[in-house]
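Take a look at the structure set out below.
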Amino acid sequence: MKLYNVTLTNGLLLAPMSGYTNWPMRVLSRRFGAELCYTEMISSAGLIMNTRNTRPLLKRPPEDAPLIAQIFTASPEEAALSARIIEDAGFDGIDINMGCPVKKVVHKGAGAALMRDVDLARRLCQAVRDAVSIPVSAKIRAGWDHDSINAGELAAALQETGIDCLAIHPRTRSDMYRGTPMWDLFASLKGQLSLPVIASGNIHERQDIRRLSSLGADAFMVGRAAVGNPWIFRELTGGPAPTVEERREAMLEHLDMLCSLIGVERGIRFMRKYVSAYVRGLHGAARFRQQACTTDGLQQLRNVIKGFVNGPPLC
């Protein structure tokens, strides 16, 4: 199967997640089976203005490919301009975020707010599709709330613009990330769409893949389950769970890559977001988290990580 002109074997994608899916996480996820990755959500306005916090989101090492850039905006003009910047930077495709539920995005009329304005959402996709030659997609939700489930209407309108595929998180904006996704949406959407459909939300096990595939999903976007757990992609294809030694080595490499990306001091602080997930469910995890999250020096943190495996139990 092809998405964004990329041939996929298992259809396993790393979802775009703000504050998480920078290139260190993407590189580790690819190593264990992620076939396609997305950037963190990028502000079109910030990209056009070349703001300090935005342009670095486009940076990545050569091995971080193929890569799709996800943008958010409520302006078709901004969408087109930022799309050209992304195409010139050598990305493999562009995804338009129409599902982010957080207030600072929704209040700008972007993200999940577009679920309430089908015409604007359509014009955004059309503007990007007309501006670039690389593949274009959108990521949507089921609707704004449970009284306005309109994923079918929006999907049909976006398909008319000529986008290449559509990702669907089958919760509403009011659900945020809570509750059970409305998986049955995939069956009805596949009946009305001719483009590939990517399933997103609560994918943790092989049985989730099998169920979504039976409902018509063509590919599978893994998000929160991949934080501190790049092996999720290996496990979803029947591979083994990580050993404690694999966790240690991945943590050390992740830490070093973060320090390379954003500097030692910030890299240490940023790594704290991943530490809990890397050791979740393991003996000694609580004490390890406490030590790792209160250590400021790089070598000290490396020693704490090494000690989780080589030393005596921490609790």
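The values are calculated or read from the model by the stated rules, or taken from the named source; none is laboratory data. Everything numeric here is computed off the predicted structure, so don't read it as measured data. When we count neighbours, we look across all protein chains shown, and the Cβ atoms used for this are built from the backbone with ideal geometry, even at glycine. Side chains included, ligands, DNA and RNA excluded: accessible areas come from the protein's heavy atoms. Shrake-Rupley method; radii C 1.70, N 1.55, O 1.52, S 1.80 Å.
Using the structure shown, decide if residue 74 is farther than 23 Å from residue 107 by Cβ, in contact with a Gly (Cβ under 9 Å, 6 or more places away or on another chain) and assigned to a loop (DSSP other than H, G, I, E, B).
Numbers: farther than 23 Å from residue 107 by Cβ: no; in contact with a Gly (Cβ under 9 Å, 6 or more places away or on another chain): yes; assigned to a loop (DSSP other than H, G, I, E, B): yes.
No; evaluated as a whole, the condition is false for this residue.
Taking segment 294-304 as the range and being surrounded by fewer than 17 Cβ atoms within 10 Å (Cβ to Cβ) and closer than 9 Å to residue 268 by Cα as the test, the residues that pass are 296, 297, 298. Tallying residues that are open to solvent by less than 20 Å² (accessible area, probe 1.4 Å) and modelled with pLDDT of 95 or more within segment 20-73 yields 24. Going through (1) modelled with pLDDT of 95 or more; (2) within 17 Å of residue 28 (Cα to Cα) one by one, residue 277 falls short only on (1). On the basis of being of a type outside the set (Ser, Thr, Tyr) and not in a strand (DSSP E or B), does residue 13 make the cut? So residue 13 does not fit the description; no.
Tell me, which residue of segment 266-277 that is in contact with a Leu (Cβ under 7 Å, 6 or more places away or on another chain) and aliphatic (A, V, I, L, M) is surrounded by the most Cβ atoms within 10 Å (Cβ to Cβ)?
Residues of segment 266-277 that are in contact with a Leu (Cβ under 7 Å, 6 or more places away or on another chain), as a first pass: 267-268, 270-271.
With aliphatic (A, V, I, L, M) added as a condition, the list becomes 268, 271.
Values: 268: 22, 271: 24.
By that ranking, first place goes to 271.
For residue 280, state whether it is free of Cβ contacts under 8 Å to residues at least 60 places away in the same chain, assigned to a loop (DSSP other than H, G, I, E, B) and surrounded by fewer than 19 Cβ atoms within 10 Å (Cβ to Cβ).
yes
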